[in-house]
Amino acid sequence: MTGIKPPQATSARPVRVDPFEAMETLRSALDEAGITFPGLWVNSASSEPQLVELGEVRADVALQLAHALQLGALEA
């Protein structure tokens, strides 16, 4: 992971970012953790702000993601 700090968004005021860059950054981070989200894509039909769709994953992949996030939180 490159250690890039993302802009802080709130539900009331989302931060404008390139959804394709966000998707590729997420894909790269998931790859580093050995996780694949086959349904990861940018929903170009969504209104502003554009949505990055995570798709569906198996329960074991969801658990693997949860463990990776917990590990990252411990390192932060």
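Every read-out reported here was derived from the displayed coordinates using simple, explicitly stated rules and does not represent laboratory data. On a predicted model such as this, the values are computed, not experimentally measured, just so you know. Cβ atoms come from the backbone with ideal geometry, glycine included; neighbour counts cover every protein chain shown.
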*Please give the helix 19-32 orientation as an angle from the longest Cα principal axis of the chain, in degrees from 0 to 90, rounded to the nearest 10.*
0 degrees
*For Val17 and Ile35, calculate 0.36 nm times their separation in residues minus their Cα-Cα distance, and state this gained length in nm to one decimal.*
4.1 nm
*Between Glu48 and Ala62, what length in nm is gained on full extension when 0.36 nm per residue of separation is reduced by their alpha carbon distance?*
2.3 nm
_Alpha-carbon Debye profile of the chain, log10 I(q)/I(0) at 0.11 Å⁻¹_ = -0.32
*Run the dipole for the chain about the Cα centre, Lys and Arg Cβ at +1, Asp and Glu Cβ at -1, nothing else charged, and hand back the magnitude in debye, nearest 20.*
240 debye
